[in-house]
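The values are calculated or read from the model by the stated rules, or taken from the named source; none is laboratory data. Computed from a predicted structure; not experimentally measured. Ideal geometry is used to build each Cβ from the backbone, glycine not excepted, and the neighbour counts take in all protein chains shown.
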Amino acid sequence: YDFGVDSYPFHSRHTQRRLPQCIIIGVRKGGTRALLNFLDLHPDIQTAGREMHFFDEPDRYKLGLNWYRKRMPFSFRNQITIEKTPAYFVEEHVAGKVHEMNSSIKLLLILRDPVERMISDYLQVRTNKEEKGKSYHRFEDLVIDKETGGIRESYTPVRRSKYHVHMARWLKYFSLDQFLLISSERFAEDPVTQLQRVEAFLDIDPQFKRDMFVYNETKGFYCIRDEDEHVCLGESKGRKHPNIDPAVLAKLRAFFRPQNKKFYSLVGVNFGWP
Ligand code: A3P
């Protein structure tokens, strides 16, 4: 694997590679890349460029914490190292392993309407197949059980969107105040307010300012302002979603409504998903 890590700050007497003191654990398609890249602008933050998949992939985990640490960027003593791997939130044994590494770690979790998240998840898989010249199933055929007409709970994107199940597992190891929950929808609309919440949560200097970002009409999202340029995320972020059969959407909404309620009461926040 080619782990790209930032070249600055380089190795010197004053810098070291350190284990992350904060991890973005999910969710997949929640805006984790934008969150990490935007946080990287902060002078007190260093981020690992690639998803590490250290705690969820047994072959990597067995290489040990020193292997993991060596894949982190160099940082000064006062800087916080952050990595993001959205698979962490949903994979079974991750929370316990993270706790074993650092029981007082801070966890960032950016959460999107579970139905939108599923469609985005599906679209990512479909695009990957299509890029290899293969065709792929319709979303409706994957998500609906042909025999019963109900939701196919074994479909991975459905499982990943059942946030209360995953959150309950994480809360066995970590207290709620170790998490900062971010709404994907609010983050996309107004990243600075959410980045300022992260600064307060991490107890670092308030550095994020509105003029660091610019809304790009073509992209439909905020991008980093670099003088006259807009530095936006790549084409795989912010894809146009396919139209889904309204009857299937209604079934999904009905399926997730009680799931979402459970999640809201678990974390004490109402995300207002439809
Ligand atoms: P869509 O492609 O479904 O719109 P992740 O990085 O976790 O895979 O999340 C991808 C999602 O980030 C995109 O999903 C998009 O909605 C969201 N996003 C949030 N802020 C963004 C930004 N500034 N630029 C691009 N995508 C952003």
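Structure data summary
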item: Residue list for segment 54-70, filter: crowded, with 17+ Cβ neighbours inside 10 Å and more than 21 Å from Arg112 (Cβ to Cβ); result: Phe54, Phe55, Tyr61, Tyr68
item: Condition broken by Asp56, with the remaining ones in (1) of a type in the set (Asp, Glu); (2) more than 16 Å from the ligand (Cβ to nearest atom); (3) over 18 Å from Leu195 (Cα atoms) satisfied; result: (2)
item: Selection count where residues are more than 21 Å from Val269 (Cα to Cα) and either modelled with pLDDT under 95 or among the β-branched types (Val, Ile, Thr) (or both), scope segment 148-172; result: 4
item: Residue satisfying all of: in segment 159-194; touching a Pro at 6+ places or on another chain (Cβ under 9 Å) and assigned to a helix (DSSP H, G or I); farthest from Ala95 (Cα to Cα) among these; result: Ser161
item: Wholly within segment 40-146, strands (runs of 3 or more DSSP E) carrying at least 3 residues that are within 30 Å of Ala250 (Cβ to Cβ); result: 106-111
item: Odd one out for Ile82, checked against (1) in contact with a helix residue (DSSP H, G or I) (Cβ under 9 Å, 6 or more places away or on another chain); (2) farther than 30 Å from Val115 by Cα; result: (2)
